[in-house]
Amino acid sequence: MLTELFSTLLVADGGAPAGGMGTQFLILIPLFGLMYFLIIRPQKNRQKQIQEMLNSLKVGDKVMTNGGAIGVITRVSEQIVRVSFGERLEIDFVRSAIANVITDENSLKEAAENK
């Protein structure tokens, strides 16, 4: 679409498009760069933050699971996290099932909004 616009502008000026296919590919390079900075880079940063949060889980952290359940971590192993949801209910989750670590009520609201 963008190449058609440039071609139309060049024809309106009376000149023929120079370069043919090479010019079309040169136009795509800035578009790929823009896509990288608007889409790919922020996603990589978000994945890095999530991985850091999962690696820093420790016993006593208040967490929210991907399903929205809120509990306290009672045991942490390499891949499994045991979360307590009361006095007699403990459930094992894989680390990736933990959505957020909750530090106060404000972060609880933010976590619910981001979900």
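Throughout, read-outs are computed from the coordinates displayed, never taken from laboratory work. Quick caveat, the model's predicted, so the values are computed rather than measured. Note that we place each Cβ from the backbone using ideal geometry, even for glycine, and neighbour counts take in every protein chain shown.
Gyration tensor analysis over the Cα atoms of segment 41-91 returns equivalent ellipsoid semi-axes of 24, 12, 8 Å (largest first, whole Å).
Whole-Hz Karplus values for segment 82-91 come out as 9, 10, 9, 10, x, 5, 10, 10, 10, 10 Hz, taken residue by residue from phi with 6.51 cos²θ - 1.76 cosθ + 1.60 and θ = phi - 60°; glycine and proline positions read x.
Distance between the 7 Å Cα→Cβ label points at Met35 and Leu89: 4.6 nm. Backbone phi angles across segment 92-99, fed through the Karplus curve with coefficients 6.51, -1.76 and 1.60 (θ = phi - 60°), yield HN-Hα couplings of 8, 10, 6, 4, 5, 7, 8, 8 Hz in residue order; Gly and Pro are listed as x.
For Phe93, the residues 5 or more places off, or on other chains, whose built amide H falls under 5 Å of its own are Val81, Arg82, Val83.
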